[in-house]
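The values are calculated or read from the model by the stated rules, or taken from the named source; none is laboratory data. None of these values were measured; they are calculated from a predicted model. Here Cβ is always computed from backbone atoms with ideal geometry, including for glycine, and neighbour counts include all displayed protein chains. Only protein heavy atoms, including side chains, enter the accessible area calculation; ligands, DNA and RNA are left aside. Shrake-Rupley method; radii C 1.70, N 1.55, O 1.52, S 1.80 Å.
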Amino acid sequence: MQGWLPFWPRTAAVSGEVVNALYIAELGICVLIVLTVVGLMLRFCLVYRRGSSASRANLVAKTWQWEISWTVATLVLFLFAFVWGAVVYIWLYDPPSGELQIYVVGKQWMWKMEHPGGQREIDALHVPVNTTVRLVLASQDVIHSFFVPAFRIKRDVVPGTLETIWFKATKAGTYRIECTQLCGVQHANMTGEVTVMEPAAFGRWLKQQGVHESLAQQGEAVFREHGCSGCHSTASTVHAPLMNGLYGSLVHLQDGSSRVADERYLRDCILLPRTFTVAGYPPVMPDFSGQLSEDDLVKLIAYIKSLAK
Amino acid sequence: MAALAADVGTDYLTSENTVRSWLLTRDHKRIGLLFFASITFFFFIGGIAATLIRLHLATPSGLLQPSIYNRVFTMHGIVMVWFFLIPSIPTTLGNFVLPLMIGAHDLAFPRINLASWYVFNLSGLVLLYALIMGGADAGWTFYPPFSTLYSDGYILVAALAVFVNGFSTIMTALNFVVTTHRLRAPGMTWMRLPLFVWAIYSVSLLMLLATPVLAMVLLLVAAERFLQVGLFDPTHGGDPILFQHIFWFYSHPAVYIMIVPAMGVVSELVTCFARRPIFGYTGMAYALMAIAILSFFVWAHHMFVAGISIYSAVVFSLMTFFVAVPSAIKVFNWTATLHKGSISFDAPFLYALGFVLLFTIGGVTGLMVATLGLDIDLHDTYFVIAHFHYIMVGGTVSAFFGGLHYWWPKITGRLYPELWARFAALLTFVGFNLTFFPQFILGYLGMPRRYYTYAPEWQPWNLLSSAGASILAVAYLLPLGYLAWSMLRGERAGPNPWRATGLEWQTSSPPPTYNFARTPAVTTAPYAYNPENGSYVAQDGTVHA
Ligand SMILES: [Cu+2]
Ligand SMILES: [Cu+2]
């Protein structure tokens, strides 16, 4: 529907349809409010223009009855929009585990995608249609924001933490990726393309990339090279937790609290080990901040994830 | 009243006419005019930046270098927010008419008032220095770590300008608060205050409470950029989101700092030209205070996609819907004020009508971006740009022009040419909508803000927007011409050309240096207009048939 004068963006994901419905409903409410105000204003301006013969006797004296009724009416409309919007938000920002998980690293000024099979892409993302895809977003430098208008999904990519977002594409095709947070001179060129493919075509595409090592396998290598395995293995003399079965479990910490071992937790373990300690272990885990690139982190996390259950 | 109109010949404009007498004046009316000169200057700087932006965006590939483009929109934002919109109505119209309206001889602290103007200009000079040296490129929002570690612009100089500017805001606000509390004429009770005074009072409270937070966060940015203390830098254990919390804790209330005075102006205009008491005075006054208070609890609605927790997002969204309620009350009450009025369509009233309409559109689209599920899509796109320009430009700037025309005869003692003014008001309305309505569509199509280049299929809307901007530019330049003309050639206005009820109209035009020959005694509520026969009772109790 991209004619000469486009009015409506393309919609190519479940989230896109959900947001469209909300958008139309709320647009309806807004038009209703604006038309009421404009209608009344025009009517009054016409009927009560100076010199008209309309009667001005008996001005409304008890204004509060009117005020309370339109306050309540608007409040009800507002609450309706609020609840609907909140439901959509919670649904979109509380991502399911997903059938396919892809890591996205933003840096000035490109998007780097890492598939679980080890395939990498820059400013491009290939995904199968009708599949729940979960994106784990990391930034190497400043805040970026990952936006796919056709899916109506967006999330800031904040350095120092991981964010997740998900979508389920419904139509094959290519769609724009944009960065929406000012990130420097080439902010406007930090764009890319999502290519949604039929599953069979997607399978072929994965093979054609000629990658033999999965992301987890690459992670295992990093795990060895940086000496993690020196402590985190059965053969080690250091009393350090094993990585097997860690991902997704509930970890009890020294200070009595507990955290679910998701991607963000793993990242914090590696980069901020001084801020918390796993219960029952000595606080000797070295601080790796500044030594690992976002790429390496993504691989390590993928590796630890592969050891789940 | 004879006593009031008696002392012609010694008005505040002609009483003394040396440069020194202007630069060292302690008269709130003269200081209001000094501020007027300063903010007009900055309105042009910001306007030139806006023109460059729209020229650049007329084609997808643009005309400026990307790094220049970033500097231009950053300058546009900083200048328009802190050097025009925030000071616009309070320091000029507020300064001029607030003491007159409450029957005072001046503001409570005339010297602080003058000092505020000097501090404002000092901050302006710092900003111009930043501009001449090459400008800043991090947007008016200064988000770290981009602003602290990566940007190569004159961020700190620009931040210093905003920091210094804050002191001017605080001084002026303090003055208004104390004046409203202490210097009301006998009989001017709180519930007899014109709504413009309520608006300036509540906005002054907002300024006093919010501006120090801005100063704080700018100091933190400076500490971060100079000393790398690691407050916002994740590689040193800092949190970039912390900055956004503090920044918006100031900047959301700042949105209301920009719009609330406009609401005050419009209440004066609507009543005077509909010749009818305001519909629901008490509700209108309390709504202003409710807005001022609630606006402190909604800041994180600017951060729905920035990674705040789902629970806080839900709470902040709900609070945002609540703060919309008093705004809705105001819109409905203005509309209801037209009911059974006796309406004449003079230029100030046309601006006021434009305000109500554009503010309503800005308000309802504000609800759309406050809706969590929609904000995910709309945040940081042109939809948001359109939304806040409807409030800030369609709302505040329209009200500013409306108020300027309305009080012009009081300020200068002369009438402006009515036909030209009506034409300018209509042109503003048309040009404004043509400029900003297409941006709503661009936003939903997915065009992000702060992009120096965009997809070719978005060009028609951008072209339309740029065309509208050129009309808007003409509409804003017109008054400069005919108002200047009227200052010299305009018809003498007399004390009360609009037959308005406020005390400011019960003294001569231009008013004498100390405003009133005798302190007026207030006996009636504001807006005692009678639409049936056009008579009115001024606030000093005089009845006019
Ligand atoms: Cu960007
Ligand atoms: Cu806000």
Checklist entry - A:Asp268: net charge of surrounding residues, Cβ under 11 Å, Lys/Arg +1, Asp/Glu -1, itself excluded? => result +2
Checklist outcome for this item: Ignoring ligands and nucleic acids, B:Asp106 exposes an accessible area, probe 1.4 Å, in Å² to the nearest 10, of 20
Checklist entry - What is the spin-label model distance, in nm, from A:Phe7 to B:Val178 if the labels are put 7 Å beyond Cα along the C-beta direction? => result 5.9
Next on the checklist: Explain nothing, just the number: dipole magnitude of the protein assembly as shown about its Cα centre with +1 on each Lys and Arg Cβ and -1 on each Asp and Glu Cβ, in debye rounded to the nearest 20.
Outcome noted: 2240
Item to check | Heavy-atom accessible area ranking, 1.4 Å probe, most first, across A:Leu92, B:Leu488, A:Leu307 | outcome: B:Leu488, A:Leu307, A:Leu92
Checklist entry - What FRET efficiency comes out for the pair B:Ala223/A:His212, r = Cβ-Cβ distance, R0 = 51 Å, nearest 0.05? => result 0.55
Checklist entry - Within 10 Å of each Cβ of A:87-93, how many other protein chain Cβ atoms are there on average? => result 6
Checklist entry - At a Förster radius of 30 Å, what calculated FRET efficiency corresponds to the Cβ-Cβ distance of A:Ser52 and B:Val430, to the nearest 0.05? => result 0.70
Checklist entry - So what does A:Asp287 come to for accessible area, using a 1.4 Å probe and Å² rounded to 10? => result 60
Next on the checklist: Please state the shape class of chain B: rounded when a/c is under 1.5, otherwise prolate if a/b exceeds b/c and oblate if not, all from the C-alpha gyration tensor.
Outcome noted: prolate
Item to check | Length released on extending from A:Glu198 to A:Asp123, taking residue separation times 0.36 nm less the Cα-Cα span | outcome: 25.0 nm
Checklist entry - Okay, which of region B:501-517 sit inside 15 Å, backbone N to the point 7 Å along the Cα-Cβ direction of B:Asn17? => result B:510
Checklist entry - What FRET efficiency would be calculated for the residue pair B:Leu208, A:Leu42, taking the C-beta separation as r and a Förster radius of 30 Å, to the nearest 0.05? => result 0.15
Checklist outcome for this item: Taking a crude spin-label model, label points 7 Å out from Cα along the C-beta direction, the A:Leu272 to B:Ala521 distance in nm is 6.8
Next on the checklist: So if each residue of separation counts as 0.36 nm, and I subtract the Cα-Cα distance between B:Thr59 and B:Leu419, what length gain in nm does that give?
Outcome noted: 126.0 nm
Checklist outcome for this item: Once the in-chain neighbours fewer than 8 apart are removed, the aspartates and glutamates whose Cα is under 19 Å from B:Lys410 read B:Asp7, B:Asp11, B:Glu16, B:Asp27, B:Asp106, B:Glu268, B:Asp346, B:Glu418, B:Glu491, B:Glu504, B:Asp540
Checklist entry - Where a ≥ b ≥ c are the square roots of the eigenvalues of the C-alpha gyration tensor, would you call region A:100-207 rounded, which needs a/c under 1.5, or, failing that, prolate if a/b is larger than b/c, or oblate? => result prolate
Item to check | Burial order of peptide ranges A:167-176, B:507-516 (average beta-carbon count within 10 Å, highest first) | outcome: B:507-516, A:167-176
Checklist entry - Which of the peptides B:218-228, B:371-381, B:153-163 is most tightly packed, and how do the rest follow, judged by the mean count of other Cβ atoms within 10 Å per residue? => result B:371-381, B:153-163, B:218-228
Next on the checklist: Just to be sure I understand: with springs between alpha-carbon atoms less than 10 Å apart, which residue in A:Phe147, A:Phe223, A:Phe44 has the highest mean-square fluctuation in the Gaussian network model of chain A?
Outcome noted: A:Phe44
Checklist entry - Once you put a point 7 Å from the Cα of B:Met133 and another 7 Å from the Cα of B:Tyr150, both along the Cβ direction, what distance in nm separates them? => result 2.2
Next on the checklist: I need to check one value: relative contact order of chain A, counting alpha carbon pairs closer than 8 Å and at least 6 residues apart, in percent.
Outcome noted: 16
Next on the checklist: Apply the a/c threshold of 1.5 to the C-alpha gyration tensor of region A:215-306 and tell me whether it is rounded, prolate or oblate.
Outcome noted: rounded
Checklist entry - Just how large is the dipole of region A:215-306 about the Cα centre, in debye to the nearest 20, putting +1 at every Lys and Arg Cβ and -1 at every Asp and Glu Cβ? => result 180
Checklist entry - Which entries in the list A:Lys62/B:Lys330; A:Lys171/A:Lys299; A:Lys107/A:Lys154 go over 20 Å, if you measure between the two C-alpha atoms of each? => result A:Lys171/A:Lys299
Next on the checklist: If I stretch the segment between B:Ser309 and B:Glu532 completely, what's the gain in nm (0.36 nm per residue apart, minus their alpha carbon distance), one decimal?
Outcome noted: 74.6 nm
Checklist entry - What does the accessible area of B:Phe436 come to, in Å² to the nearest 10, when a probe of 1.4 Å is used? => result 20
Checklist outcome for this item: Of A:Arg267, A:Arg50, A:Arg152, the most mobile residue in a GNM of chain A (C-alpha springs, cutoff 10 Å) is A:Arg50
Checklist outcome for this item: Residues other than B:Leu100 with Cβ under 13 Å of its Cβ, Lys/Arg counted +1 and Asp/Glu -1, net out at -3
Checklist entry - Can you pull the mean other chain C-beta count within 10 Å for peptide A:149-156? => result 6
Next on the checklist: Please report the net charge: other residues with Cβ closer than 14 Å to the Cβ of B:Arg111, K and R +1, D and E -1.
Outcome noted: 0
Checklist entry - When only Cα pairs under 8 Å and 6 or more residues apart are kept, what is the percent relative contact order across region A:215-306? => result 39
Item to check | Taking chain B and dividing mean pair separation by its residue count, relative contact order in percent (alpha carbons under 8 Å, at least six apart) | outcome: 19
Next on the checklist: Taking amide H atoms as placed 1.01 Å from N in the peptide plane, list the residues 5 or more away in sequence, or in a different chain, whose amide H sits under 5 Å from that of A:Trp166.
Outcome noted: A:Leu135
Item to check | Alpha-carbon Rg with Dmax, taken over the protein assembly as shown, Å | outcome: 29.8, 104
